[in-house]
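The values are calculated or read from the model by the stated rules, or taken from the named source; none is laboratory data. Predicted model only: the values in this text are computed from it and were never measured. In this analysis, Cβ positions are derived from the backbone assuming ideal geometry, glycine residues included, and neighbour counts consider all displayed protein chains. For accessibility, only protein heavy atoms count, side chains too; no ligands or nucleic acids. Shrake-Rupley method; radii C 1.70, N 1.55, O 1.52, S 1.80 Å.
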Amino acid sequence: MRTQVVIIGSGPSGLLLGQLLAKAGIEAVILDRVGKDYILGRVRAGVLEQGTVGLMDEARAGKRMHAEGLPHEGFSLAFDGRDHRIDLKDLTGGKGVMVYGQTELTRDLMAQRETIGAMTVYDASNVRLHGYEGRSPYVTYEREGITHRIDCDFIAGCDGFHGASRKSVPEKAIRTFEKVYPFGWLGILADVPPVSHELIYANHPRGFALCSMRSETRSRYYLQCTLDEKIEDWSDDRFWDELRRRLPAHHAEALVTGASFEKSIAPLRSFVAEPMRFGNLFLVGDAAHIVPPTGAKGLNLAASDVHYLYAGLTEYYQDHSTAGIDAYSTRALSRVWKAVRFSWWMTTMMHRFPDTGAFDQKIQEAELDYLTHSRAAATALAENYVGLPY
Ligand code: FAS
Ligand code: PHB
């Protein structure tokens, strides 16, 4: 079989790229090693930048997002028992974010892909990348005991941090940068009304907490936890009690609790692989970079990578120019590193580190004090949170 672009990974990166390429008349086949239900069962991001919203619209997959998503114009930082609202709309000249779960965004993209009848192969095992350093790349995979080959012009590695794409690149050709944080996030989903109509990022001596949501009746909460924590040690009651302890009293009193239906622990790391292009292989999204979720950037960085690659491939096929694909890695990494910085900065400011000394703690308190009393400082936070320009 032959196609123009093989996309490895049916997560947000792969699906969004596939939809945009299809709109430009560029044929792509998506391969994923698991099935749709498994992908949709993963609970991840919840906040979309305007750029991501725009790309969903461009992919003709934004209808439900606009109908069910929650446009947000601000969020709060909570510390020392008080809330401090960051007015995104005022500070950025009218911008905000859209609260809409990654699961739903993925579901919408899958539905749109089915509508156009584009080919996606789920449960494709042993996916291997071949010949992308030369002019005849191809991908092989196994399914139901049969090995398949797809010849193509380009391969988009949209297969996440643990995928095959980045790992297929020879070590000498790639440089990686990594920072692992000494804590994780324990997250739950529960069908209870959110404690606030906007997100609350809380810095407390017992640890970070985040109050988010998926709708006006479904809440998403996180607690900073140690890396040796086990889910089975966290009953719902224990989670709710700890969350109350980390929130200002008025929120703790207003918190509506209930049975959780999803509970997970995610480790936090910052990771970047450079470059993001190897001949006719392009790394996209988590395949190339990981950020701690504090700044809500992971999914949104995947979207901006897709924007740059979609523009480059469209230019190649329509204008017979390689300028866009040649610039992909540099353009994507420029935005990636600024988001990596912001995510590291917000994580460092909002979490309690086990080795934090008295000096570091005072610096953290000064950072929060400066942020909540300086328009310039709050503007810098706001413009990063809504998303820097593509
Ligand atoms: P994904 O990992 O979503 O998708 C990769 C796809 O490739 C998967 O479907 C996988 O099955 C497939 N694949 C992997 N290896 C393969 C192989 N060898 N062959 C074929 N297919 C293969 N971001 C936020 O903004 N906010 C958050 O709160 C947040 N929380 C997160 C929590 C967790 C536990 C994780 C892991 C990530 C979180 N993220 C968050 C980041 C997350 O949203 C990612 O940025 C987003 O999923 C990136 O999308 P993709 O690049 O498509 O990668
Ligand atoms: C979420 O709702 O899952 C969420 C929101 C904001 C973040 C991280 C996660 O910074």
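Some notes on this structure:
- Here R64 meets the list (1) away from ligand 1 (no atom under 15 Å from the Cβ); (2) free of Cβ contacts under 8 Å to residues at least 60 places away in the same chain; (3) open to solvent by less than 10 Å² (accessible area, probe 1.4 Å) almost entirely, failing just condition (3).
- Number of residues in region 267-288 that are more than 25 Å from L88 (Cβ to Cβ), among the aliphatic types (A, V, I, L, M) and within 11 Å of ligand 1 (Cβ to nearest atom): the value is 4.
- Number of positions in region 91-130 that are free of Cβ contacts under 8 Å to residues at least 60 places away in the same chain and more than 16 Å from ligand 2 (Cβ to nearest atom): 10
- Scanning region 262-288 for residues that are open to solvent by 30 Å² or more (accessible area, probe 1.4 Å) and touching a strand residue (DSSP E or B) at 6+ places or on another chain (Cβ under 7 Å) yields E262, K263, S264, I265, A266, P267, R269, E274.
- Just one of (1) of a type outside the set (S, T, Y); (2) crowded, with 19+ Cβ neighbours inside 10 Å; (3) under 15 Å from the mean Cα position of the chain (by Cα); (4) more than 9 Å from ligand 1 (Cβ to nearest atom) fails for V291. It is (4).
- Residue within region 357-370 that is within 15 Å of ligand 1 (Cβ to nearest atom), more than 27 Å from G187 (Cβ to Cβ), not basic (K, R) and not in a loop (DSSP other than H, G, I, E, B) present: no
- Here E114 passes the criteria (1) in contact with a helix residue (DSSP H, G or I) (Cβ under 6 Å, 6 or more places away or on another chain); (2) open to solvent by 40 Å² or more (accessible area, probe 1.4 Å) except the one numbered (1).
- Test: D153 is open to solvent by less than 50 Å² (accessible area, probe 1.4 Å) and farther than 13 Å from R33 by Cβ: yes
- Here R85 passes the criteria (1) open to solvent by 20 Å² or more (accessible area, probe 1.4 Å); (2) basic (K, R); (3) more than 21 Å from H251 (Cα to Cα) except the one numbered (3).
- Check on G74, out of contact with any helix residue (DSSP H, G or I) (no Cβ under 6 Å at 6 or more places or on another chain) and either open to solvent by 50 Å² or more (accessible area, probe 1.4 Å) or within 14 Å of ligand 2 (Cβ to nearest atom) (or both): no
- Of the residues screened, A259 is one that is of a type in the set (G, A, S), open to solvent by 60 Å² or more (accessible area, probe 1.4 Å), touching a residue at least 60 places away in the same chain (Cβ under 8 Å) and more than 16 Å from ligand 2 (Cβ to nearest atom).
- Where a residue in region 223-250 is within 11 Å of I265 (Cα to Cα) and open to solvent by 60 Å² or more (accessible area, probe 1.4 Å) and its partner, wherever it lies, is among the small types (G, A, S) and not in a helix (DSSP H, G or I), with Cβ under 6 Å and at least six apart: L227/G184
- Unique match (being away from ligand 1 (no atom under 16 Å from the Cβ) and touching a strand residue (DSSP E or B) at 6+ places or on another chain (Cβ under 9 Å)) among F75, F79: F79
- Out of A358, A327, one residue alone is over 17 Å from the mean Cα position of the chain (by Cα), without any contact (Cβ under 8 Å) to a residue 24 or more places away in the chain and under 30 Å from V6 (Cα atoms). It is A327.
- First in region 27-46 and within 13 Å of A118 (Cβ to Cβ) and open to solvent by 20 Å² or more (accessible area, probe 1.4 Å), second anywhere and more than 6 Å from ligand 1 (Cβ to nearest atom) and part of a loop (DSSP other than H, G, I, E, B), Cβ under 6 Å, 6 or more apart: E27/T3; E27/Q4
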